[in-house]
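Data block below; observations after.
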Amino acid sequence: MTSDNAAATASAAYRSALEVIESVEPRIAAATRAELADQRASLKLIASENYASPAVLLTMSSFLSDKYAEGTIGHRFYAGCQNVDTVEAVAAEHARELFDAPYAYVQPHSGIDANLVAFWAILATRIEAPTLAATGAKGVNDLSEDDWEQLRARFGQQRLLGMSLDAGGHLTHGFRPNISGKMFHQRSYGTDPETGLLDYGRVAAAAREFKPLILIAGYSAYPRRVDFATMREIADEVGATLMVDMAHFAGLVAGKVFTGDEDPVPHAHVVTTTTHKSLRGPRGGLVLATEEYSEAVDKGCPMVLGGPLSHVMAAKAVALAEARRPEFQTYAADVASNAQSLAEGFLKRDARLVTGGTDNHLVLLDVSGFGLTGRQAESALLDAGVVTNRNSIPRDPHGAWYTSGIRLGTPALTTRGFGHDEFDTVAELIVDVLSDTKADTAKSGSPSKVKATTAAGVGERVRSAAAELLDAHPLYPGLELS
Ligand SMILES: *Cc1c(COP(=O)(O)O)cnc(C)c1O
């Protein structure tokens, strides 16, 4: 199909689907139409979002959703799973080939689920299996009550070392309020307070002192690449399992921007990811593992997860097939070079970036120089039509709620075809808004952390400049819902 034909066919498919939905609940059809209009009209810089292809999106509205398929390929708890078996096998095959991984598990419903599956698989492999072997029991049901209680106690004694939230880690990497911080004794490693960069010497020192069962690498808001070969050396030295959560940057791994020591797959024991961020697939998760952990990962459902979302696994297969094409490598290279352009655009306008720049898909703008909190900057930008999210920065004086940073990513707008010049303009527009926004005075007389006012006219000017960029790079070109 030519791209014009493909757009016409997708338009017809969406129009028909919306007509069917409209006849049952018109408000849902209307919200669906409105969402496309909103996505088209917004300058989306949220680093964790993207736009999946119509092929990926259409795959999700299918009859596969109607099937229960707990278990694994060929070993289901329900009859009649032959088509789900095909879907899961094709998705897993694409994932193995794309990432050059020995084993792939495509059932997790989200990134957090993928991490829970990985935690469970590591505990099962390293704690439960040796206990069963030592007692001669076939499964946990064969353990004596004493042995069972001892095993349960050992589960509770395990240690997790991950990147701290304010250095850019994720809340599932041992943040206390999250279940990961409650399941495990947790400690975190941060970044160098001066440079904002990961300091492998400090990670190694923390690992030697704490001796974790699991060392997690990966991040949601760190604007730099990670040396996974060094992380693996640290893990090996202290007998830890290296788990890498590549939820944010899986697209850069798939697109061969991160290779060698920067590719987590050959170095980690277990790799988890989302499929909807830079990988540009449906909303979901994925686990890759070495042979050693594959058997336990494969039991993710029903041990950790409910029945697989077979329609989403099908969409993962389609997205992974897209990611294996040469065009995806071009896309991934553009995501990274556009982040460079965005960073340069800020630096030449004297804005401060955490770590002084980027070499992945995101930049972390420190807005304290504008006299604003992240929360004020986020809402001033939103009022001007620029969608971002606030994010804490290392040693953030305003904490995790108000914050002092704005996280910006290039995956979504790169999908729309933005390049160097467009991202330079994006930096200019953001600096314009923030320079012309002043914190309001709170009741106490000190500057408010929440409210700020942007000078009259700036919002409109930025909005129309953004609209011009967006019009020149349409989202889903040729797709018409009416
Ligand atoms: C986004 C993210 C997750 C969570 O993904 P969900 O699909 O929202 O559950 C987990 N880990 C990291 C590092 C992430 O960035």
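Nothing in this text is a laboratory measurement; each read-out follows from the coordinates by a stated rule. Bear in mind the structure is a predicted one, so any value in this text is a computation, not a measurement. Positions of Cβ are backbone-derived with ideal geometry, glycine not excepted, and every protein chain shown enters the neighbour counts.
Local charge for SER310 was computed over the other residues whose Cβ lies under 9 Å away, with Lys and Arg +1 and Asp and Glu -1, and equals -1.
Rounded to 0.05, the FRET efficiency of the ALA31 and GLU428 pair, given R0 = 45 Å and the Cβ-Cβ distance, is 0.85.
Its Cα gyration tensor gives the chain an equivalent ellipsoid, and the semi-axes of that ellipsoid, as √(5λ) in whole Å with the largest first, are 38, 31, 20.
Which listed residue (GLY239, HIS276, THR290) has the Cα farthest towards the positive end of the charge dipole for the range 233-306, taking +1 on Lys and Arg C-beta and -1 on Asp and Glu C-beta about the Cα centre? Ranked along the dipole, the leading option is HIS276. Between the alpha-carbon centres of the range 412-475 and the range 250-272 there is a gap of 34 Å.
At 10 °C and 1.306 mPa s, grab the translational diffusion coefficient of the range 391-482 from Stokes-Einstein with a Kirkwood Rh over Cα pairs, rounded to a whole number in µm² per second.
Value of D from the Cα-based Kirkwood radius: 100 µm²/s.
For the pair ARG352 and SER3, the difference between a 0.36 nm per residue extended length and the Cα-Cα distance amounts to 121.5 nm. Annotated for the chain: lysine pairs at least 8 residues apart or interchain, Cα distance under 18 Å, count 9.
Can you give the FRET efficiency to the nearest 0.05 for HIS473 and THR86, using r as the Cβ-Cβ distance and R₀ = 30 Å?
Efficiency computed from Cβ-Cβ geometry: 0.25.
Here the peptides 21-28, 343-350 are ranked by packing, the mean other Cβ count within 10 Å, and the order with the highest first is 343-350, 21-28. Taking Cβ atoms as reference points and 12 Å as the exclusive limit, the residues near GLY111 contribute a net charge of 0, counting Lys and Arg as +1 and Asp and Glu as -1.
Once the mean of 1/r is taken over each pair of separate Cα atoms and inverted, the range 65-323 shows a Kirkwood hydrodynamic radius of 18.7 Å.
In this label model, ASP227 and ALA41 are separated by 4.9 nm, measuring between points 7 Å along each Cα→Cβ vector.
Approximating the spin labels as points 7 Å out from Cα along Cα→Cβ, the SER446-to-GLN329 distance works out to 5.5 nm. Counting 0.36 nm for each residue step from LEU481 to MET303 and taking away their Cα separation leaves a gain of 59.9 nm.
PHE184 sits among other residues whose Cβ lies under 11 Å from its own Cβ, and their net charge, with Lys and Arg +1 and Asp and Glu -1, is +4. For the chain, the antiparallel share of DSSP beta bridges with both residues in that region comes to about 60%. At TYR68 and GLU209, where each label point lies 7 Å from the Cα along Cα→Cβ, what is the point-to-point distance in nanometres? The two pseudo-label positions are separated by 5.1 nm. The fewest-to-most ranking of TYR103, TYR200 by surrounding Cβ atoms within 10 Å reads TYR200, TYR103. Under the convention that each Lys and Arg Cβ holds +1 and each Asp and Glu Cβ holds -1, the size of the dipole of the range 396-482 around its Cα centre is about 580 debye.
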